[in-house]
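The values are calculated or read from the model by the stated rules, or taken from the named source; none is laboratory data. Please read all numbers here as calculations on a predicted model, not as lab measurements. Here the Cβ is made from the backbone with ideal geometry for all residues, glycine too, and neighbour counts use every protein chain on show. What goes into the accessible areas is simple: the full protein's heavy atoms, side chains included, and nothing from ligands, DNA or RNA. Shrake-Rupley method; radii C 1.70, N 1.55, O 1.52, S 1.80 Å.
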Amino acid sequence: VVLPRAFSSDASASIVGDSGEASRPRPATLSDSPTGEDAPGTFFELDDYKKHFPRGLQDSDLETMFTRLGGRPCLMVRPPALAIIDAMRSASSSPGARLFYLDSDGVRGTGKTSQLLHAVHYARHSGWLVLHIPRGRDLVSGGLWVEEGADGLLDQPHVAQQLLRDFAAVHRAQLAKVPVSDEGVKKQYGSQATLADVTDAGANDEQTAAAAFVDLSVELAGQTTLPVLVAIDEANCIVEPTAYHYKREQVEPEQLSIIRALKVLADGLQNGVVVAAESNSFPVAHRNGEFKQELGGGGGQTLPVADFTPEEYNKTLAFFDDAGVLNGLAEAEAGLMKMQTQLNPRQVLRRIILM
């Protein structure tokens, strides 16, 4: 038995991948939804991908998958992302904060990152402000050094500056229309300042980056003009012992101003959604949900992200065959790959990439 293949006959639907991979026609089974609001198991294309993710997804497996698809960035619709999207839809009619934890009960490669990215894409496509942190480990080990900051905390100038630059790269036009509301922040930047002024101050000056990030977090927490999504991957790293030493002593995460600002933002967000995805690829000292207590007091909803169901697995193979990647896969081969990967999404993806 060979899986079916189907292609669009419209030549204008083809795109050319940046890496030089041969362009492929648009798969006939690809969803028409630009934000992936279809039935679970459907694949959709990330609309305005370079606009919403100017630095890419920072996930090598997903980026390679896009290349194999001829440069077409596609994700599968799965229930956890749909639950987050439902919460974002209701935010406009029922303001408040909603907190979600993406958890896989210790199993690696189940797709927590792709669920987070789906939520980020939906929010940006819908006009939300999105503070996306794709590598939580950078919060505790990404900078070159730490230095004394305000309130007895330690600043990471390089980490803060990169976060602000990434945020401004996507949202600067929106930020320029949102006035600063916090009185303390107004005193720092002026009564007529906008969120763009706050972001630019740190994005353009390493010395003020950490303070600007703290100020931005205060503004986002109290934001009412636009809803806010805070999306943190590898969020359990916020309780990991850091890579820094200061005055010959190891720095703890609660000593870092960025970590403190994120906790305040997650606890005090008035209008939006916080999504924190746990990573099982980077061992940390504290397990058993401790990071959930640190971020939002453990009061959020845990969304399990499990391995593929047999139906999701079959739909994945059918989609990649439809896209011309598999070129027909016999039932025996599909069964063998199912057994070897144990339906783990990342392992399935890696096997497909190599075909």
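Does any residue in region 140-167 that is closer than 20 Å to residue 245 by Cβ come within less than 6 Å, Cβ to Cβ, of a residue that is aromatic (Phe, Trp, Tyr) and surrounded by 23 or more Cβ atoms within 10 Å (Cβ to Cβ) six or more places away or on a different chain, and which pairs are these? If the second residue must be aromatic (Phe, Trp, Tyr) and surrounded by 23 or more Cβ atoms within 10 Å (Cβ to Cβ), the pairs left are 160/213.
Checked against (1) touching a residue at least 40 places away in the same chain (Cβ under 8 Å); (2) open to solvent by less than 50 Å² (accessible area, probe 1.4 Å), residue 185 meets all criteria but (1). All conditions but one from (1) assigned to a helix (DSSP H, G or I); (2) closer than 30 Å to residue 243 by Cα; (3) open to solvent by less than 80 Å² (accessible area, probe 1.4 Å) apply to residue 276; the one that does not is (1).
A quick yes/no check of all residues on (1) open to solvent by 10 Å² or more (accessible area, probe 1.4 Å); (2) among the hydroxyl-bearing types (Ser, Thr, Tyr); (3) in contact (Cβ under 8 Å) with a residue 60 or more places away in the chain:
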site	(1), (2), (3)
215	yes, no, no
226	yes, no, yes
235	no, no, yes
249	yes, no, no
255	yes, no, yes
258	no, no, yes
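Considering the conditions (1) open to solvent by less than 30 Å² (accessible area, probe 1.4 Å); (2) farther than 18 Å from residue 218 by Cβ; (3) assigned to a helix (DSSP H, G or I); (4) not charged (D, E, K, R), residue 196 is excluded by exactly one of them, (2).
Taken over region 20-62, the criterion of being polar (S, T, N, Q), open to solvent by 50 Å² or more (accessible area, probe 1.4 Å), over 24 Å from residue 172 (Cα atoms) and under 21 Å from the mean Cα position of the chain (by Cα) is satisfied by 60 alone. Look at region 44-55: where a residue is closer than 18 Å to residue 32 by Cα and a partner is small (Gly, Ala, Ser), sitting 6+ places away or on another chain with Cβ atoms under 7 Å, you get 44/31; 44/33; 44/36. Listed by first and then second residue, the pairs with beta-carbon distance under 8 Å, at least 6 apart or on different chains, first residue in region 323-350 and small (Gly, Ala, Ser), second assigned to a loop (DSSP other than H, G, I, E, B) and open to solvent by 80 Å² or more (accessible area, probe 1.4 Å), are 324/5; 328/5; 330/1. Only residues that are at negative phi and either acidic (Asp, Glu) or open to solvent by less than 30 Å² (accessible area, probe 1.4 Å) (or both) were counted in region 323-352, giving 14.
Would you call residue 320 under 23 Å from residue 231 (Cβ atoms), surrounded by 15 or more Cβ atoms within 10 Å (Cβ to Cβ) and not β-branched (Val, Ile, Thr)?
Working: under 23 Å from residue 231 (Cβ atoms): no; surrounded by 15 or more Cβ atoms within 10 Å (Cβ to Cβ): yes; not β-branched (Val, Ile, Thr): yes.
No; evaluated as a whole, the condition is false for this residue.
Is one or more of the residues making up region 262-273 at positive phi and either crowded, with 21+ Cβ neighbours inside 10 Å or part of a strand (DSSP E or B) (or both)? Let's see the steps before the verdict.
Just the residues of region 262-273 that are at positive phi, to begin with: 272.
Filter once more, keeping what is either crowded, with 21+ Cβ neighbours inside 10 Å or part of a strand (DSSP E or B) (or both): 272.
Yes, that holds for at least one residue.
Residue 143 meets each of the listed conditions (1) modelled with pLDDT of 95 or more; (2) under 30 Å from residue 207 (Cβ atoms); (3) not polar (S, T, N, Q) apart from (1). The number of residues in region 302-311 that are open to solvent by less than 20 Å² (accessible area, probe 1.4 Å) and either assigned to a helix (DSSP H, G or I) or under 27 Å from residue 71 (Cα atoms) (or both) comes to 1. When region 237-247 is filtered for residues that are part of a loop (DSSP other than H, G, I, E, B) and open to solvent by less than 10 Å² (accessible area, probe 1.4 Å), only 242 remains.
Checked against the criterion of being surrounded by fewer than 24 Cβ atoms within 10 Å (Cβ to Cβ) and assigned to a strand (DSSP E or B), region 290-301 contains one or more residues that satisfy it. For the residues 158, 121, the requirement of being buried (at least 23 other Cβ atoms within 10 Å of the Cβ) and not aliphatic (A, V, I, L, M) singles out 121. When restricted to residues that are open to solvent by 20 Å² or more (accessible area, probe 1.4 Å) and touching a strand residue (DSSP E or B) at 6+ places or on another chain (Cβ under 9 Å), region 79-94 contains 3.
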